[in-house]
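Visitor: Can you keep this structure in mind? I'll have questions shortly.
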């Protein structure tokens, strides 16, 4: 299976959102990656349900929604209603993680769990069999355009080993500082999906950049 490419709409031109959404539709990208930030769990605020609902109306590919928010459980139903296909929560804000995962699936979405750079992969041992996705953060969450944290490559290897040992079918996604160089190392380590934001949309030819990532 070729690597899944999920451009982050956080790096889109917000004055031309539909143009950039259609660019992703026409490209070799597989998913739309949607970062939702609340200014509480992470030091930034992005966007909420109206943007997701608008995207869902034009998107021809699944919405991969990554929520960096406190108290995610209270919004699960609304994310499902807004059109999320995959909902990824952070381990660090889920004291009852198994229940949260079950709630996401009961709402009709695939369930993912994200790990901050300092959080060890071992915390997922008791839930890995329930997951559809593990998101390894290769930057500290909250802002685009940050420098890639090299330890993420080893975390991908560790996650792959955990998935294989448990018989889980979870995919491994990586978000932060992804380009063709870091992406190649991540894919070699076992990553299934790459999120790319500024690397794609700061380039004069985003479609070609997406194709170069897809070819890794």
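Only the coordinates and a few stated rules stand behind these numbers; no lab work does. Keep in mind that this is a model prediction, so the values were computed, not measured. Cβ atoms come from the backbone with ideal geometry, glycine included; neighbour counts cover every protein chain shown.
Visitor: Under a GNM of the chain (C-alpha, springs under 10 Å), which listed residue has the highest mean-square fluctuation: 75, 32, 201?
Guide: So, out of 75, 32, 201, the one fluctuating most is 75.
Visitor: Pairs of alpha-carbon atoms within less than 8 angstrom and 6+ residues apart define the contacts here; what relative contact order does region 100-216 have, in percent? It would help to have the intermediate numbers written out before the result.
Guide: On the way: 186 pairs, mean separation 26.4, N = 117.
About 23 percent, as a whole number.
Visitor: Okay, next question. What distance in nm separates the two pseudo spin-label positions at residue 188 and residue 118, each 7 Å out from Cα along the beta-carbon direction?
Guide: Here the modelled spin labels are 3.0 nm apart.
Visitor: Follow-up. Running a GNM on the chain with Cα contacts under 10 Å, which residue among 160, 81, 57 ends up with the highest mean-square fluctuation?
Guide: Sorting by GNM fluctuation, first place goes to 57.
Visitor: Another question, if that's okay. Hey, what number do you get for the chain at 222 nm if only DSSP H runs of n ≥ 4 count, each worth -39500 (n - 2.57), divided across all residues, to the nearest 500? Show your work: numbers first, answer last.
Guide: Details: 8 runs with 76 residues, N = 216.
Here the helix-only value at 222 nm equals -10000 deg cm²/dmol.
Visitor: Another one. Report the residue, chosen from 140, 116, 44, that carries the largest GNM mean-square fluctuation when the chain is represented by alpha-carbon nodes joined by springs under 10 Å.
Guide: Highest fluctuation of the listed residues: 44.
Visitor: In what order do 35, 30 fall by count of nearby beta-carbon atoms within 10 Å, going from fewest to most? Working shown, then result.
Guide: On the way: 35 25, 30 20.
Ordered by Cβ neighbours within 10 Å, fewest first: 30, 35.
Visitor: Label 7 Å along Cα→Cβ of residue 147; region 156-181 residues with amide nitrogen under 20 Å?
Guide: Within reach of a label on residue 147: 175-181.
Visitor: Exposure proxy check: 88, 180, 119 ranked by fewest other beta carbons within 10 Å? Numbers along the way, then the final one.
Guide: Working: 88 29, 180 14, 119 17.
Sorted ascending by nearby Cβ count, the order is 180, 119, 88.
Visitor: Any chance you could check the Cα centroid distance between region 147-216 and region 1-69 for me, in angstrom?
Guide: About 17 Å separates the Cα centre of region 147-216 from the one of region 1-69.
Visitor: Among DSSP beta bridges whose residues both lie in region 4-214, state the antiparallel percentage, nearest 5.
Guide: On the way: 1 of 32 bridges.
The antiparallel fraction comes to roughly 5 percent.
Visitor: To continue, here is another question. Given points 7 Å out from each Cα along the Cα-Cβ axis, report the residue 81 to residue 105 separation in nanometres with one decimal.
Guide: 2.4
Visitor: How do 124, 17, 194 rank when sorted from fewest to most other Cβ atoms within 10 Å of their own Cβ?
Guide: On the way: 124 24, 17 16, 194 29.
With the sparsest Cβ surroundings first, the list reads 17, 124, 194.
Visitor: If you bin the C-alpha pair distances of region 63-188 every 10 Å from 0, what whole percents do you get?
Guide: Going from the shortest bin to the longest, the percentages are 13, 46, 34, 7.
Visitor: If I take R0 = 25 Å and measure r between the Cβ atoms of residue 154 and residue 129 in this structure, what FRET efficiency does the formula 1/(1 + (r/R0)^6) give, to the nearest 0.05?
Guide: On the way: r = 23 Å, r/R0 = 0.90.
Working from the Cβ atoms, E equals 0.65.
Visitor: Ok, one more. Remind me, relative contact order of the chain in percent, using alpha carbon pairs under 8 angstrom and six or more residues apart? Present the calculation step by step, with values, prior to reporting the outcome.
Guide: Details: 442 pairs, mean separation 48.0, N = 216.
Across the chain, relative contact order equals 22 percent.
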